[in-house]
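Just so it is clear, none of the values below were taken in a lab; they were calculated from the coordinates. Note that the structure is a prediction, hence the values are computed from the model and not measured. FYI the Cβ positions are ideal-geometry reconstructions off the backbone, even for glycines, and counts take in every protein chain you see.
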Amino acid sequence: MFVKICGLTAPETAETAVGLGADAIGMVMSRTSVRRIDPGTVASIVEAVGDRAEKVLVVHDVPAREAALAAARLGVDVLQMHGPYGREDFAEARKAFPRIWRATSLARDPEVRAGDWGEELLLLDGARAGSGERWDITGLRGLELGERWLLAGGLDPDNVAEAIATVRPWGVDVSSGVESAPGVKSVELIERFIANARAA
Ligand SMILES: O=C(O)c1ccccc1NCC(=O)[C@H](O)[C@H](O)COP(=O)(O)O
């Protein structure tokens, strides 16, 4: 089970998450996020993590081309375009950066399938990214989502195993559910989340 821990804001916490077994770490550059970090902090996390995990730049309200150029400049592995981007934005971003993940919700895109817009991976989230709100994942049952997709939105150490058993995703993604306060990651919660996801 692939595990992404999202919303890391400091090199030390990112290194800890990777040491605990995270396959990918996310860094948010959305202008409105409580987890927003600046380019300098992204660069220091990238350096601290090195090749031990996928380093994912998450954007939400940055124009596609600008986001792709930032991803290339900052040395991340993947650009995650989250929410209100269209097919043409993905095409535009791919001209400047090769590895793109697409994050959306069933509320926005009821007929999604990994790879349809040239993305390497699909992330299915609740309606409000990074909110920690649970959503009705049973709506995913029976959909042809393709092979590589991550379940996200309202997951935490106590519900991740049941969520995996319900919809059998390729991987899981979490942010709020491993925080002790908004934007503050908890080592204990990250450790429990990864252990429970892997045991599911
Ligand atoms: O985390 C944010 O603040 C955020 C803001 C804007 C766009 C995306 C954001 N996060 C992206 C993620 O991949 C989150 O892990 C995902 O939305 C799940 O969040 P949560 O429900 O808090 O676990």
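Structure notes:
- For region 185-200, a residue qualifies if it is in contact with a Pro (Cβ under 6 Å, 6 or more places away or on another chain) and among the basic types (Lys, Arg), and exactly one does: Arg192.
- Considering only residues in region 168-179 that are assigned to a helix (DSSP H, G or I) and within 13 Å of Asp125 (Cβ to Cβ), the one that is nearest to the ligand (Cβ to nearest atom) turns out to be Ser176.
- Region 70-86, subset more than 20 Å from Arg52 (Cα to Cα) and either not hydroxyl-bearing (Ser, Thr, Tyr) or not in a loop (DSSP other than H, G, I, E, B) (or both), residue nearest to the ligand (Cβ to nearest atom): His82
- One residue stands out in region 87-132 among those that are of a type in the set (A, V, I, L, M) and part of a loop (DSSP other than H, G, I, E, B): the one that is farthest from Val3 (Cα to Cα), namely Ala107.
- If you go through region 134-163 and keep only what is closer than 20 Å to Ala53 by Cβ and either assigned to a helix (DSSP H, G or I) or more than 9 Å from the ligand (Cβ to nearest atom) (or both), you end up with Arg148, Trp149, Leu151, Pro157, Val160.
- Looking at Val59, Val34, just one residue is within 15 Å of the ligand (Cβ to nearest atom), in contact with a helix residue (DSSP H, G or I) (Cβ under 6 Å, 6 or more places away or on another chain) and over 26 Å from Glu162 (Cα atoms), and that residue is Val59.
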